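All of the numbers you see were taken from the coordinates with simple rules; none came from a lab. Note that the structure is a prediction, hence the values are computed from the model and not measured. Positions of Cβ are generated from backbone atoms using ideal geometry, with glycine treated the same way; all protein chains shown enter the neighbour counts.
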Amino acid sequence: MVGMRELLRTAAELAATYLDEAATRPVARPVTLADMVAALGPTLPDDGTDPAQVLTDLARDADRGLVLTNGGRYFGFVEGGVLPAALAADWLTSTWDQNPGFFALSPAAAAAEEISRTWLCDLLGLPATCSAGFTTGAQLANFAGLAAARHHVLGEAGWDVEQRGLFGAPPVTVVVGRERHATIDRALRFLGIGRDQIVEVDTDSQGRMLPNLLELTDGPTIVCTQAGNVNTGAFDPIGEVCDLASEKNAWVHVDGAFGLWAAASPSLRHLVAGVEKADSFATDGHKWLNVPYDCGIVLCARPEAHRAAMRLSADYLVRDGERHGSDWTPESSRRARGFAVYAALRSLGRRGVAELVDRSCAQARRVAAALPPQCEVLNDVVLNQVLVRVGDDDEQTRAVAAAIQRGGATWFGTTTWRGKAAIRISVSDHATGDTEIDVLIGAVREAVAA
Ligand SMILES: *Cc1c(COP(=O)(O)O)cnc(C)c1O
């Protein structure tokens, strides 16, 4: 048995080797679940194994199935890489094993969340009094924001949803754009709001909600806007929607998993003009802020509604007026995500965050401009997303993506945009430099030529 220090050194060595090899290793390798299960060893051992052995075996056996999402050459989904300070802080977070659910469990984790809250409000241009919860991702951030919305709009109608539940409650209408993210529907489902209560507003060619089609009636209403469409990067006209919604006392939620970070860049802030007028906001740490998985953030301009919707109480749980993480997220015990967020924001500073966002967007524009002539860019590249169609043909478009995925030099996925197959390219990793963009462009040129 090796000592703890040596074990952690081994982990550090394995991690550093992985990162060193990031420049050259394939982004992904074709492998099946059965291959990976077989590699990791499917039988539960009767006796224990030395921790150092477990670690070195794991690193060796998992290797073939690791997808290099943080080496700068990954453009699939909207993944984000990992900033050095955030990675190292995340290691300490595991070492410290802090639970931010209650202040008494970790005053340090509570402080990291509180400071991150104030910094996030500042960077994202939101009221300084917004409450914040640190969730697994934007899925649960959307859930928490919409739970606060449900509490508030029903409360305004004289209905205490926490006390009385939804049976017999006044109907809640939820207005969404046609191109909302799928996690909105799932969050609403968890909140007892079904498809029949959802009103879809049509969108323009970029996926932006058309505000002139917004017909709000009286009665409990929630409007879900989007900052950053997952395909095009486009923004709903949030400020305009907020003005229309305020006439009807409707709650406005903003799903800004990655797009909300436009607010942190002086040159892109206009894309979210008026966002400070909305009521709740969901964003991710693990996408554009480049903290390791997992980290989402819910912010709410009405902390009392946020807390009323999330709050957990039991006799043995100490409540002393300090920050309790469980007041702001659907989880009770959880990871102390505030440390990595704090480390990321501190290591970048205000200018560094803006620079990260601006650079990703500049690279997305560069990709769009440098693609071979057979490629058509389907979206206005307003942010970090590029939608590409090859030879105006579904099959060819998918074939190019498949060839690139097999090649291992880079990776992106496909989608269907307005009935047509398209390649989705997302630039959201701080490690993506000119070299990585050259690799991407080269790979597309080669695949298209073949
Ligand atoms: C990624 C994304 C989500 C979901 O985020 P998770 O972090 O996967 O939970 C929600 N909305 C939008 C717009 C997204 O891009």
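Highest mean packing first, where packing is the average number of other Cβ atoms within 10 Å per residue, the peptides 333-339, 232-238, 413-419 line up as 232-238, 333-339, 413-419. The translational diffusion coefficient of the chain, from Stokes-Einstein at 10 °C and 1.306 mPa s with a Kirkwood hydrodynamic radius over alpha carbon pairs, comes to 68 µm²/s. Could you tell me what a quarter of the Cα convex hull surface of the stretch 239-357 works out to, in nm² with one decimal place? For the Cα atoms of the stretch 239-357, the hull's average projected area reads 8.6 nm². Calculated on C-alpha atoms, the gyration radius of the stretch 1-109 divided by its Kirkwood radius gives an Rg/Rh of 1.01.
Give, rounded to the nearest 20 debye, the magnitude of the charge dipole that the stretch 4-68 has about its Cα centre when Lys and Arg contribute +1 at Cβ and Asp and Glu contribute -1 at Cβ.
Result for the stretch 4-68 is approximately 300 debye, rounded to the nearest 20.
Whole number please: convex hull volume per residue of the Cα set in the stretch 80-123, in Å³? Display every interim value, and only then the final one.
Working: hull volume 4.0 nm³, N = 44.
Residue-normalised Cα hull volume stands at 92 Å³.
Please label the shape of the stretch 88-344 as rounded, prolate or oblate, based on the square roots a ≥ b ≥ c of the eigenvalues of the alpha-carbon gyration tensor (a/c under 1.5 means rounded; beyond that, a/b larger than b/c means prolate, else oblate).
Working: a/c = 2.01, a/b = 1.27, b/c = 1.58.
Verdict is oblate for the stretch 88-344.
Overall, the chain carries a charge dipole of about 380 debye about its Cα centre when +1 sits on the Cβ of Lys and Arg and -1 on the Cβ of Asp and Glu, all other atoms neutral. Its DSSP H runs of at least 4 residues, each contributing -39,500 (n - 2.57), put the calculated 222 nm mean residue ellipticity of the chain at -13000 deg cm²/dmol, to the nearest 500.
When only Cα pairs under 8 Å and 6 or more residues apart are kept, what is the percent relative contact order across the chain? Don't jump to the answer; show the numbers that get you there.
Values: 908 pairs, mean separation 103.2, N = 450.
Computed over the chain, the figure is 23 percent.
Just need the relative contact order of the stretch 275-419 here, percent rounded to a whole number, with Cα pairs under 8 Å and 6+ apart. It would help to have the intermediate numbers written out before the result.
Values: 119 pairs, mean separation 18.1, N = 145.
Value for the stretch 275-419: 12 percent.
Pairs of Cα atoms nearer than 8 Å and 6+ residues apart set the relative contact order; for the stretch 1-159 it is 16 percent.
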